[in-house]
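Student: Can you read through this structure? Questions will come right after.
The values are calculated or read from the model by the stated rules, or taken from the named source; none is laboratory data. This structure is a prediction, so every number in the text was calculated from the model and none was measured. All Cβ positions, even for glycine, are placed from backbone atoms using ideal geometry, and neighbour counts span all protein chains on display.
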Amino acid sequence: MKESTSREKILKKIRNALLTESANPYPHIDHDKTIYNEITETLDITFAEEFIKVAGKFVYCENENEFLSSLKLLINENSWTPVFCLDKKIQSLLNSANILYNYSNEDFHDLKVSITRCEFLLARLGSVMVSSKHDSGRRLNFYPEIHIVLAYTSQLVPDIKDAFAGMKNRYGEDLPSMISVVTGPSRTADIEKTLVMGAHGPKELYVFLVDDNINC
């Protein structure tokens, strides 16, 4: 009889293992228990601290009017050409403050600064969850040199599991085709161990957090 190949021997062991029911050696593990220490500060303070640690630029605003004033000042100080914005809610705000913006695909390849909304802010990680469901789609979160995010305190959640639970509640079975978690500006140290900002996406990331009077 021809001797079995190594591959056949391995597959036979796998089949036998699958047919043999074994007891769970760790039956009392609580899979829902958090592995992190409890957050002691409010979510907005925790997010700001962690976001700044990863080189993000954070601006707190008491309301949308303060957001527009701060944004206009930032644009003027940096002499930015009109920001690129596809989000209709943000466009309405920019129009009310006479802040110029581009939205034509003809201007897309020349854009430097984009402004979008987000899904959630992950306080513990200082991260921003974005998706393709908003008017901005996929491109404006990653293509420009500078990415500005408009967020609200009601979008703050402690951890990533809370954000995914929120996405499930918001969209049900119709989840976005792209969900991404952004932690600070894009960076890499793969080349000669030198930190390079903006390697795979924006080299500057701003979050304007607007207080919408919902406790964090």
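Student: Starting from the stretch 138-157, take each residue that is over 22 Å from residue 78 (Cβ atoms) and list its partners that are in a loop (DSSP other than H, G, I, E, B) and at pLDDT 95 or above, counting only C-beta distances under 6 angstrom and pairs at least six apart or across chains.
Tutor: Short answer, once both residue conditions are applied: 153/211; 156/123.
Student: Further, regarding this structure: Within the set of pairs 6+ apart or on separate chains, which have a first residue in the stretch 67-78 that is within 18 Å of residue 211 (Cβ to Cβ), a second that is assigned to a helix (DSSP H, G or I) and not basic (Lys, Arg), and C-beta atoms under 7 Å apart?
Tutor: 68/93
Student: Considering 203, 193, 168, which residue is more than 14 Å from the chain's Cα centre (by Cα), within 20 Å of residue 80 (Cβ to Cβ) and either basic (Lys, Arg) or at pLDDT 90 or above (or both)?
Tutor: The match here is 203.
Student: Considering only the stretch 1-78, give the helices (runs of 4 or more DSSP H) lying wholly within it that have at least 3 residues that are at pLDDT below 90. Give the steps one after another, and end with the answer.
Tutor: Details: elements: 6-19, 43-53, 64-78.
In the stretch 1-78, 6-19 are the helices (runs of 4 or more DSSP H) which contain 3 or more residues that are at pLDDT below 90.
Student: Could I ask something else about it? So which of 68, 93, 74 ends up being out of contact with any Pro (no Cβ under 9 Å at 6 or more places or on another chain), over 16 Å from residue 206 (Cα atoms) and surrounded by 12 or more Cβ atoms within 10 Å (Cβ to Cβ)? Let's see the steps before the verdict.
Tutor: Values: 68 fails: over 16 Å from residue 206 (Cα atoms); 74 fails: over 16 Å from residue 206 (Cα atoms).
Being out of contact with any Pro (no Cβ under 9 Å at 6 or more places or on another chain), over 16 Å from residue 206 (Cα atoms) and surrounded by 12 or more Cβ atoms within 10 Å (Cβ to Cβ) holds for just one of 68, 93, 74, which is 93.
Student: With respect to residue 84, is the statement that it is modelled with pLDDT of 95 or more and touching a helix residue (DSSP H, G or I) at 6+ places or on another chain (Cβ under 7 Å) true? First the steps, then the outcome.
Tutor: Details: modelled with pLDDT of 95 or more: no; touching a helix residue (DSSP H, G or I) at 6+ places or on another chain (Cβ under 7 Å): yes.
In short, no.
Student: Given (1) under 19 Å from the mean Cα position of the chain (by Cα); (2) β-branched (Val, Ile, Thr); (3) not in a strand (DSSP E or B), where does residue 81 come up short, assuming only one miss?
Tutor: Going through the list (1) under 19 Å from the mean Cα position of the chain (by Cα); (2) β-branched (Val, Ile, Thr); (3) not in a strand (DSSP E or B), residue 81 breaks only (1).
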